[in-house]
Amino acid sequence: MQPQIVLTLSVASLRGLIASGDRRCPSLNAVPAFARQHLGLRGLNVPAAMLSGLTAAGFEKLRDASDKAGCPCVVLVDEQPLPFADPDPAKATAAGERLHRLAAAANRLGCRDVAIRCAVGAGDDALERTAVGIKASMGEVDRHDLNVLIAPHEGWTGDADRLSALIKRVGGFRIGSLPSFGHAHASGDAEKTLRKLAPYAESIDATVFDFDAKGAHRPYELAAMVAAVRAVGYVNTLAIEHAGKGDPVEAIERARTILESSIGSEEP
């Protein structure tokens with residue numbers, strides 16, 4: 001059977017539900033079963049911030065809940081930009097240490113990838129220092145059998161060409177990208193941006209905003225975004241990430257229907 005794009009969930013979409021104790025999904029440990037049974041999704045991209053304060057037993061419970069639901073944790077996503085290129089050696093060292101801690105947490109959850117953002121100032125020197133800092137941390141990441149994905153961030157790595165250049169400078173088969181539909185749209189040329197970053201991607205955030213009265217997604221067509229990544233042979237995961245103002249569950253369900261139709265999804 002040919003590889004298929006698999007639809008997963010960005011757990012960040014459910015922050016509001018969990019914070020309010022919404023009966024549909026009142027806790028982080030309830031997410032795997034809710035994602036699989038109610039949303040029809042088959043994996044989780046977990047924000048590192050939502051794991052703050054979690055004990056070793058807490059990590060074990062979340063992984064166990066994911067295993068039982070058949071909805072594994074796939075990517076651990078850090079939203080805090082790491083200053084590998086900071087002129088202050090202490091801050092640059094701290095960036096590497098945080099990546100090590102993220103790798104350990106991702107391993108506990110059974111993830112295959114850890115995603116980071118990089119605070120990179122203007123100039124090739126800053127890009128080179130960032131690449132060197134990431135390379136220095138890859139030994140610890142490799143020990144956990146993980147991949148590092150770099151997500152676009154404001155500044156130089158917000159540009160697809162420069163982000164691609166950073167990935168190439170780090171080199172190796174364990175470095176990749178975590179693009180998003182939202183970033184691609186904001187770039188002004190969504191198709192070009194996705195075509196540049198998707199070949200390096202292990203996962204892509206399918207950013208979902210709001211739907212109009214006729215059921216159309218605004219401000220862009222989800223099907224067009226899928227077509228752009230399929231055009232370069234992308235066959236990994238699309239993590240639906242709700243970033244709109246309405247009910248996340250309704251938006252995710254609508255988006256899943258559109259995305260399933262676009263990718264010709266089928267159970268493996």
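The values are calculated or read from the model by the stated rules, or taken from the named source; none is laboratory data. Keep in mind it's a predicted model, so treat the numbers as computed, not measured. Note that we place each Cβ from the backbone using ideal geometry, even for glycine, and neighbour counts take in every protein chain shown.
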Quickly run through the range 96-134 and pick out the residues that are buried (at least 16 other Cβ atoms within 10 Å of the Cβ), part of a helix (DSSP H, G or I) and among the β-branched types (Val, Ile, Thr).
-> THR130, ILE134
Check GLU97, GLU79 and return the single one that is within 30 Å of ASP159 (Cβ to Cβ) and free of Cβ contacts under 8 Å to residues at least 24 places away in the same chain.
-> GLU97
Under the condition of being part of a helix (DSSP H, G or I) and farther than 20 Å from PRO89 by Cα, which residue from the range 135-144 is nearest to the chain's Cα centre (by Cα)?
-> VAL141
Only listed residue being without any contact (Cβ under 8 Å) to a residue 12 or more places away in the chain and in contact with a helix residue (DSSP H, G or I) (Cβ under 7 Å, 6 or more places away or on another chain), chosen from SER66, SER52, SER27 | SER27
Single residue of the range 56-80 satisfying the filter (over 13 Å from GLY110 (Cβ atoms) and at pLDDT 95 or above) that is nearest to the chain's Cα centre (by Cα) = VAL77
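Residues are listed down the side, and each one gets a yes or a no for (1) within 15 Å of THR8 (Cα to Cα); (2) among the hydrophobic types (A, V, I, L, M, F, W, C); (3) out of contact with any helix residue (DSSP H, G or I) (no Cβ under 6 Å at 6 or more places or on another chain):
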| position | (1), (2), (3) |
| --- | --- |
| LYS196 | no, no, no |
| PRO199 | no, no, yes |
| GLU202 | yes, no, yes |
| ALA213 | no, yes, yes |
| ALA228 | no, yes, no |
| VAL235 | yes, yes, yes |
| PRO248 | yes, no, no |
Could you give me the residue pairs with C-beta distances under 7 Å whose first residue belongs to the range 247-259 and is farther than 19 Å from THR237 by Cα, whose second residue is of a type in the set (Lys, Arg) wherever it lies, and which are 6+ apart or on separate chains?
-> VAL249/ARG24
Taking the range 5-24 as the region of interest, how many residues are touching a residue at least 60 places away in the same chain (Cβ under 8 Å) and either surrounded by 15 or more Cβ atoms within 10 Å (Cβ to Cβ) or more than 20 Å from the chain's Cα centre (by Cα) (or both)?
-> 11
Say whether the condition of being of a type in the set (Lys, Arg), at pLDDT 95 or above, under 20 Å from SER203 (Cβ atoms) and assigned to a loop (DSSP other than H, G, I, E, B) is met by at least one residue in the range 36-54.
-> yes
